[in-house]
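What follows is a single structure, written as C-alpha cells, with notes after it.
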Amino acid sequence: MSAATSARTILSRLHEVMASRIHAQGKLDQVVQIIGEELDSEVCSIYLLREGSLELFATRGLNQTAVHVTRLGIGEGLTGQIADHVETLNLAEAAAHPDFAHRPETGEDMYHSFAGVPIVRRQRAIGVLNVQHVDPRKYEDVEIEALQTVAMVLAELIDNAELVDGEDAGDGQGNLAESLKLDGLALVKGLASGTAVYHQPRITIEQTVADDIEAERQRVYRAFDRMREQIDHMTSQAEFGIGGDGEEVLQTYKMFAYDEGWGRRINEAIDSGLTAEAAIERVQQRTRMRMREIDDPLLRDRMHDLEDLANRLLRIVSGQLGTAATKGLRGDTILIARNLGPAELLEYDKRRLKGVVLEEGSLTAHVVIVARAMGIPVLGQVGGLRSHLREGDHILIDADRAAVTLRPSQTIIDTFETRFAKNRKRQAAYAAMRDVEPFSRDGTRVHVMMNAGLRDDMSALSLTGADGIGLFRTEFQFLVSATMPARDRQVRLYRDVLDSAGDKPVIFRTVDIGGDKAVPYLNSEHAIREENPAMGWRALRLAMERKGLLKAQARSLLEASAGRNLNVMFPMVSEPWEFDAAKCVFEEQIAFLKKQKKVLPDQIRYGAMLEVPALAEVLDILVPKLSFISIGTNDLTQFLFAADRANPKLAERYDWLSPAILRFLRRIVQSTIGSQIDVAVCGEMGGRRLEALALLGLGIRRLSITPAAVGPIKELVRKVDLTEIGEAMNGWLISPPEDLRATMLAWAEERGIETD
Ligand code: PEP
Ligand code: MG
C-alpha cells in the first residue's frame, strides 16, 4: 500500500465526518475509530493542548473514563515529548523509551508499540495523535505518513472548533514562548515596540480535505506555472525590487520552482486526498521536520528560500495575494521581512508602522533611506529571525543597541520604557534647538538642511528648524504610484512642497529611478536584464532617454515655481555634457512657457549631484556651468569601493572614515575653491556625527541630512572649532593613523564632543 492510498482511504472516510453537522467532540470520537480501524491499531488517541497541558480528548482502545481526565505536561511522557519537540515518535516498545510515563487510569499496560505525531497549527503543536498496538512492531513509513496527513486535517478541525489554547497562552513550546534577544545591524536608529506582522502574510488554510482531487491537481499546476512566470520575470529584472544579494536568492528560488521532486511530492499529497493548499503545507511540514535534524546554517538559509517560495505558491493558489500593507495594519506594528523595496515600505500606514526588522538589509539601500525619512527604526541582518518568531509576537526593537527582543518579559519592557522616555526627552531637547542657528565655536554659520521626498516629510522642516530642503527626492512620488505620475499631479506635489517650505530653499532633484528603486511601469517596457543596475540605466540616463519623462518633469517644476525660486539638481551626472543636455531640456520648456505667456520662476539655479567618481576629474569644466553641487556619498562610496550599497554582505566592510573616501572628498572641495558655487553633502554620511565632524574638517559647510539628524548635527556644529578640526584632518590625511575612526573618536571625546 502506498502512502497516498493509505491516507486516501482514511481521508475519504474523514471527509464525511468533517462535512457532517455533529459537534467537534463527536467528530474526534469518530476520527479515532476510523484511524484505528484503517491502521489496524487497537488504540488510537487524540490529546489536545488545554490550559497548558495535553488532555486526552478522544480514544479508541484506552479506558473511556480517562477521557478529559488524563493530562500530561508538555515534555511529559512520550506524548509530551512529541508536542514539545514537534516531532514524530515510532517505537516498537514504548516502555523502553526513557521518557515513557505510565498512566494506570488509561489501561495502556498491554500495548507495546507506539507511534505519535504532533498536530501542528501555525508551526506550533496544538495536540498529539497516537496509535498503539499489542504487538511490539514499529509502524511502517506509509502508516506514519498517513498519520501525519490526518494530523493536518485534525489541526483544521480543532482550530475551527477552538478546542485548544489560543496562541497567546503559554503553550510550553519552550523555544517559541520564551523571551529571546537577537542581534542585528542598526540601519535606522531608534526604539520601537509593537506586534510582529509578516510583510508576506502566512496563509491560513481554510479547507484541508479535497472535494475533487483532479480539480486540486489542476489548481496546483496552474499555481506552479504562475509562480515560475513570476520568478522568471524577477530574474529578468535582475535585483530590481529585491535588493541585497537578490541574485543568489533568485537562483535558489528558480532551482526550487523548477524542482521536479517538490512538485511530485505535492502531487502525491493531493493524491492522498488533500486540497492544493493543504498539500503544499503538508510537504512543507515534512521538509521542516527533516531540516530540523540537519544542523547546517547554509541549508537553513536555503530552507528559508523554500519557505518563501512555498508561501508564494500558497498565496497564488489561495488567491490571497496582497502583502500586509494591502490587508492594512491594525495596531502598533513591527514589520518582518527578508528584504523590502522602498515602494513596498511606502505602502504602509505610517501611523501604525513603528519599526522594521529585516533578515537582510544594508545601510544605504533605498528602503533604509525611506525608512529613515519616515522616522522608522530598522534593524537589519537579523539571521534566523523567522525560525524564532511567530506572527503576533510582541517585539521590541532597540536599534540604538542593534538588537531586537522577541516576546519580552515585563522586566525587559520596563527597562525599555525607561529608555524610551529618555529618548523622548532627548528628542525634545533637539526640538528645543530648532530656532538655534548652527554657528560653530569659531563663529562660522554651517547650513544644516534636510532630505525629503514625500509631502508628509515637509512638516519636519519647521519641527527641526532645518535651513531648507537640500535634497528633495522627486522619485518617491514615482515609486508610490502604480502608473507614471501625470504632470498635474507632479505640479501639485511640487507646489505643496514649495508652499510648506515658505522662505526656505528647496532643491528638487529630478527623478532617480532604476537601480534598487524599481518602478514597474517603466521597467516592464524596457525589460533588459541588467547585471549591475546601480551602474546601469538609471537616473538622468533613463530620464533623458525615456521620451517625455524629463520634459514632463521640467515643465511641472517650472510651472510649480512660477513667481518663485527654482533649484533643480540632476542625479548621476557622469560627464559635463549630460548636465548640459539636461539643462537644455529645461531651457526648451522655458522657451515653450514663454511663448505661452506663462509666468516663469523668478530665478532658476541648476546643480548636479556628484556621485559618479569620474565627474570629480572634470570639475574645472563643470563648475563654471552651474550654481551648486551636492555630493551624494551613498552612491559615490559604492562606486569608489566597487561595493554595492544594497548588498548586506558588504554593509560593514568599508568605512566612510577611510582615508580613501576622505581624500577624495577633500579633492572635490579643493577643486571648487575660488568658485562661487555651493558645495554640499547630501548622502547618509552627513547625518552621523563622527562622519559629519570629518566633513566639517574637510571644509564642507553645507549638509543635507535625514530630519532626525538635524538636531544632533546642529548640536555638534556648535561644539566644533572648524579651524581646529580642519588642521587635525589635514594631519590625518597626510599621514593616516591605522584606525582613523578610533583616532577621531578619541579626538572628539577629549573635547567633550558627543558622537553617535
Ligand atoms: C547619494 O547617492 O548619496 C544620494 C543622496 O542619492 P540617493 O541616496 O537617493 O541615491
Ligand atoms: Mg545617489
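The values are calculated or read from the model by the stated rules, or taken from the named source; none is laboratory data. Here the structure is a predicted model, which is why all the values come from computation and not from measurement. Counting neighbours? That spans all protein chains shown, and the Cβs are built from the backbone with ideal geometry, glycine included.
With respect to the numbered conditions (1) at pLDDT 95 or above; (2) of a type outside the set (S, T, N, Q); (3) closer than 20 Å to residue 742 by Cα, which one is the sole condition not fulfilled by residue 656? Going through the list (1) at pLDDT 95 or above; (2) of a type outside the set (S, T, N, Q); (3) closer than 20 Å to residue 742 by Cα, residue 656 breaks only (1).
As for region 359-373, it holds no residue that is modelled with pLDDT of 90 or more and more than 16 Å from ligand 1 (Cβ to nearest atom).
Cβ-Cβ distances below 7 Å connect the following pairs, each with a first residue in region 704-715 that is closer than 14 Å to residue 446 by Cα, a second residue that is polar (S, T, N, Q), and a separation of six or more residues or different chains: 704/451; 704/630; 705/451; 710/464; 711/464. Of all residues in region 4-41, which are of a type in the set (Gly, Ala, Ser), within 23 Å of residue 162 (Cβ to Cβ) and within 44 Å of the chain's Cα centre (by Cα)? Hits for region 4-41 are 19, 20, 24. The number of residues in region 477-514 that are in contact with a helix residue (DSSP H, G or I) (Cβ under 7 Å, 6 or more places away or on another chain), within 24 Å of residue 635 (Cα to Cα) and not small (Gly, Ala, Ser) comes to 9.
Kindly indicate whether any position in region 403-422 is closer than 26 Å to residue 694 by Cα and out of contact with any Lys or Arg (no Cβ under 6 Å at 6 or more places or on another chain). Looking for residues that are closer than 26 Å to residue 694 by Cα and out of contact with any Lys or Arg (no Cβ under 6 Å at 6 or more places or on another chain), one finds none in region 403-422, hence no.
Okay, residues lined up against (1) within 16 Å of ligand 2 (Cβ to nearest atom); (2) within 21 Å of residue 540 (Cβ to Cβ):
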site	(1), (2)
598	no, no
605	no, yes
609	yes, yes
618	no, yes
625	no, yes
630	yes, yes
633	yes, yes
638	yes, yes
641	yes, no
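For every residue, the table says whether it meets (1) free of Cβ contacts under 8 Å to residues at least 12 places away in the same chain; (2) in contact with a strand residue (DSSP E or B) (Cβ under 8 Å, 6 or more places away or on another chain); (3) within 30 Å of residue 461 (Cα to Cα).
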residue	(1), (2), (3)
372	no, yes, yes
378	no, yes, yes
396	no, yes, yes
402	no, yes, yes
406	no, yes, no
411	yes, no, no
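Residues that are farther than 19 Å from residue 609 by Cβ and of a type in the set (A, V, I, L, M, F, W, C) do occur in region 561-571, at least one of them. Scanning region 500-520 for residues that are modelled with pLDDT under 95 and within 16 Å of ligand 2 (Cβ to nearest atom) yields 511, 512, 513, 514, 515, 516, 517, 518, 519. Summed over region 576-587, residues that are within 11 Å of residue 618 (Cβ to Cβ) and loosely packed, with under 15 Cβ neighbours inside 10 Å total 1. Within region 374-395, is even one residue touching a Phe, Trp or Tyr at 6+ places or on another chain (Cβ under 8 Å), buried (at least 20 other Cβ atoms within 10 Å of the Cβ) and modelled with pLDDT of 90 or more? No, there is no match, as no residue in region 374-395 is touching a Phe, Trp or Tyr at 6+ places or on another chain (Cβ under 8 Å), buried (at least 20 other Cβ atoms within 10 Å of the Cβ) and modelled with pLDDT of 90 or more. Within region 28-77, the set of residues being on the phi < 0 side of the Ramachandran plot and assigned to a loop (DSSP other than H, G, I, E, B) comprises 39, 41, 42, 62, 63, 67, 69, 70, 74, 76.
Going through (1) under 23 Å from residue 452 (Cβ atoms); (2) more than 16 Å from ligand 2 (Cβ to nearest atom); (3) not hydrophobic (A, V, I, L, M, F, W, C) one by one, residue 670 falls short only on (1). When residue 22 is tested against (1) outside any helix (DSSP H, G or I); (2) among the β-branched types (Val, Ile, Thr); (3) under 25 Å from residue 106 (Cα atoms), only condition (3) is not met. Restricting region 396-443 to residues that are within 30 Å of residue 179 (Cα to Cα) and among the polar types (S, T, N, Q) leaves a set whose member that is surrounded by the most Cβ atoms within 10 Å (Cβ to Cβ) is 405. Scanning region 92-120 for residues that are surrounded by fewer than 20 Cβ atoms within 10 Å (Cβ to Cβ) and not in a loop (DSSP other than H, G, I, E, B) turns up 95, 96, 104, 105. For the residues 650, 695, 665, the requirement of being more than 16 Å from ligand 2 (Cβ to nearest atom) and modelled with pLDDT of 95 or more singles out 695.
Against the conditions (1) out of contact with any Ser or Thr (no Cβ under 9 Å at 6 or more places or on another chain); (2) in contact (Cβ under 8 Å) with a residue 24 or more places away in the chain; (3) away from ligand 1 (no atom under 16 Å from the Cβ), residue 347 satisfies every one except (1).
Yes or no, residue by residue, for (1) over 16 Å from residue 706 (Cβ atoms); (2) assigned to a helix (DSSP H, G or I):
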site	(1), (2)
392	yes, no
415	yes, yes
418	yes, yes
427	no, yes
431	no, yes
441	yes, no
458	no, yes
471	no, no
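Scanning region 666-687 for residues that are surrounded by 21 or more Cβ atoms within 10 Å (Cβ to Cβ) and either closer than 19 Å to residue 445 by Cβ or in contact with a Pro (Cβ under 9 Å, 6 or more places away or on another chain) (or both) returns 679, 680, 681, 682, 686, 687.
Please go through region 666-682 and pick out each residue that is in contact with a strand residue (DSSP E or B) (Cβ under 7 Å, 6 or more places away or on another chain) and either within 12 Å of ligand 1 (Cβ to nearest atom) or among the hydrophobic types (A, V, I, L, M, F, W, C) (or both). Result: 668, 669, 677, 679, 680, 681, 682.
Scanning region 534-575 for residues that are within 16 Å of ligand 2 (Cβ to nearest atom), among the charged types (D, E, K, R) and surrounded by 19 or more Cβ atoms within 10 Å (Cβ to Cβ) gives a single hit, 538.
Residue-wise test of (1) within 18 Å of residue 569 (Cβ to Cβ); (2) within 28 Å of the chain's Cα centre (by Cα); (3) not aliphatic (A, V, I, L, M).
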position	(1), (2), (3)
628	yes, no, yes
653	no, yes, yes
660	no, no, no
686	yes, yes, yes
693	no, no, no
699	no, no, yes
707	no, yes, yes
729	no, no, no
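Restricted to helices (runs of 4 or more DSSP H) entirely inside region 279-380, those with at least 2 residues that are within 22 Å of residue 403 (Cα to Cα) and of a type in the set (Gly, Ala, Ser) are 366-374. Here region 643-665 is the region considered, the condition is being outside any loop (DSSP other than H, G, I, E, B) and either within 16 Å of ligand 1 (Cβ to nearest atom) or on the phi > 0 side of the Ramachandran plot (or both), and the residue that is surrounded by the most Cβ atoms within 10 Å (Cβ to Cβ) is 665.
Quick one: in region 444-494, of everything that is β-branched (Val, Ile, Thr) and within 30 Å of residue 699 (Cβ to Cβ), which residue is surrounded by the fewest Cβ atoms within 10 Å (Cβ to Cβ)? Among them, the one singled out is 444.
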